[in-house]
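Chemist: Mind having a look at this structure? Questions to follow.
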Amino acid sequence: AQTVTQSQPEMSVQEAETVTLSCTYDTSENNYYLFWYKQPPSRQMILVIRQEAYKQQNATENRFSVNFQKAAKSFSLKISDSQLGDTAMYFCAFMNPTGANSKLTFGKGITLSVRP
Amino acid sequence: AAGVIQSPRHLIKEKRETATLKCYPIPRHDTVYWYQQGPGQDPQFLISFYEKMQSDKGSIPDRFSAQQFSDYHSELNMSSLELGDSALYFCASSPQRRSTNRNEQFFGPGTRLTVL
């Protein structure tokens, strides 16, 4: 079974600065996907970024980028130029897309607060 | 763009009552997932359907059942409700298997169930 670990329960960052959220996972699979989801106070689950394990290049989406270290099973999210609207819970998630097992396994999440 | 629709958005029930949650996936999405998110918790996978057949099962109690209909909408039926069933229930859908973003899950806004 896969596990996802987010060891930091909370983080705080000053507006316009950069913050990195950590995530590690454990799997014996070679092909999988990793995601970061944002859950603001509205509780909507919003996909921030995704990474395919067979791609060595780190994914980027505007101010969001990841540092994917496959050997270390690490998948951190970097948020640049933090904005007040980035305040939310962030979940790291794992998916094994083979066959029927394409469910998402989430970490416990991290609460990010952006200070004005 | 069309999103995943869930109804009702809020539901209050008494212990031992039944509840039915509905999910309408994005058009041309053939896979539906149900997740349960307790207070302060990460989402937990319950069950999924692909082309109207159950494709995977997670930590879903025997008191719960679900199905996917011919129009691809899905219903989660919950009986003998317990206080611990109070949670946010998400439905997510993903595109048909030949789609390029096949492995992305698009979440609905959730149904908040409160059991008194």
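The values are calculated or read from the model by the stated rules, or taken from the named source; none is laboratory data. For clarity, every value in this text was computed on a predicted model and none was experimentally measured. Cβ atoms come from the backbone with ideal geometry, glycine included; neighbour counts cover every protein chain shown. Ligands, DNA and RNA are excluded from the accessible area calculation, which covers all protein heavy atoms including side chains. Shrake-Rupley method; radii C 1.70, N 1.55, O 1.52, S 1.80 Å.
Chemist: Could you list all residues from segment A:10-39 that are in a loop (DSSP other than H, G, I, E, B), within 13 Å of chain B (Cβ to nearest Cβ) and at pLDDT 95 or above?
Modeler: A:CYS23
Chemist: Another question about this same structure. Restricting the search to segment B:36-56, which residues are within 23 Å of A:GLN44 (Cα to Cα), within 11 Å of chain A (Cβ to nearest Cβ) and outside any loop (DSSP other than H, G, I, E, B)?
Modeler: If the condition is that a residue be within 23 Å of A:GLN44 (Cα to Cα), within 11 Å of chain A (Cβ to nearest Cβ) and outside any loop (DSSP other than H, G, I, E, B), then B:GLN37, B:GLN44, B:PHE45, B:LEU46, B:ILE47, B:SER48, B:PHE49 are the ones that fit.
Chemist: Then there's this: Checking A:LEU47 against (1) open to solvent by 50 Å² or more (accessible area, probe 1.4 Å); (2) more than 12 Å from the chain's Cα centre (by Cα); (3) within 11 Å of another protein chain (Cβ to nearest Cβ); (4) without any contact (Cβ under 8 Å) to a residue 24 or more places away in the chain, which single condition isn't satisfied?
Modeler: So A:LEU47 meets the others, but not (2).
Chemist: May I pose another question? Name every residue in segment A:61-116 that is of a type in the set (Val, Ile, Thr) and either crowded, with 20+ Cβ neighbours inside 10 Å or at pLDDT below 95 (or both), in order of residue number.
Modeler: If the condition is that a residue be of a type in the set (Val, Ile, Thr) and either crowded, with 20+ Cβ neighbours inside 10 Å or at pLDDT below 95 (or both), then A:VAL66, A:ILE79, A:THR98, A:THR105, A:ILE110, A:VAL114 are the ones that fit.
Chemist: For the condition within 13 Å of chain A (Cβ to nearest Cβ), surrounded by fewer than 14 Cβ atoms within 10 Å (Cβ to Cβ), part of a loop (DSSP other than H, G, I, E, B) and out of contact with any Cys (no Cβ under 6 Å at 6 or more places or on another chain), what is the one hit in B:SER70, B:SER59?
Modeler: Values: B:SER70 fails: within 13 Å of chain A (Cβ to nearest Cβ).
Only one candidate qualifies: B:SER59.
Chemist: Which of (1) away from chain B (no Cβ under 14 Å); (2) more than 10 Å from the chain's Cα centre (by Cα); (3) open to solvent by 30 Å² or more (accessible area, probe 1.4 Å) is the odd one out, the single condition A:LYS55 does not satisfy?
Modeler: All conditions pass for A:LYS55, except number (1).
Chemist: Would a scan of segment B:104-111 turn up a residue that is part of a strand (DSSP E or B), open to solvent by less than 10 Å² (accessible area, probe 1.4 Å) and farther than 24 Å from A:PHE94 by Cα?
Modeler: No, there is no match, as no residue in segment B:104-111 is part of a strand (DSSP E or B), open to solvent by less than 10 Å² (accessible area, probe 1.4 Å) and farther than 24 Å from A:PHE94 by Cα.
Chemist: Further question on the same structure: Within segment B:91-102, is there a residue that is within 20 Å of A:ARG43 (Cβ to Cβ), outside any strand (DSSP E or B) and open to solvent by less than 10 Å² (accessible area, probe 1.4 Å)? Walk me through it before giving the result.
Modeler: Taking segment B:91-102 and keeping what is within 20 Å of A:ARG43 (Cβ to Cβ), we get B:91-93.
From what's left, outside any strand (DSSP E or B): none.
No, segment B:91-102 has no match at all.
Chemist: Suppose we filter A:GLN44, A:GLN51 for residues that are in contact with a Leu (Cβ under 9 Å, 6 or more places away or on another chain), closer than 26 Å to B:TYR33 by Cβ and not charged (D, E, K, R); which single one remains?
Modeler: A:GLN51
Chemist: Next question. What are the residues in segment A:63-116 that are part of a loop (DSSP other than H, G, I, E, B) and more than 14 Å from chain B (Cβ to nearest Cβ), if any?
Modeler: Hits for segment A:63-116 are A:ARG63, A:LYS70, A:ALA71, A:ALA72, A:LYS73, A:SER80, A:ASP81, A:SER82, A:GLN83, A:THR87, A:PRO116.
Chemist: Just name the residue that is least open to solvent (accessible area, probe 1.4 Å) out of those in segment B:1-27 that are among the basic types (Lys, Arg) and over 29 Å from B:TYR50 (Cβ atoms). I'd like the intermediate steps shown before the answer.
Modeler: Going through segment B:1-27, the residues among the basic types (Lys, Arg) turn out to be B:9, B:13, B:15-16, B:22.
Add one more test, that the residue is over 29 Å from B:TYR50 (Cβ atoms), and what stays is B:13, B:15-16.
Working: B:LYS13: 52, B:LYS15: 88, B:ARG16: 178 Å².
Filtering segment B:1-27 for residues that are among the basic types (Lys, Arg) and over 29 Å from B:TYR50 (Cβ atoms), the one least open to solvent (accessible area, probe 1.4 Å) comes out as B:LYS13.
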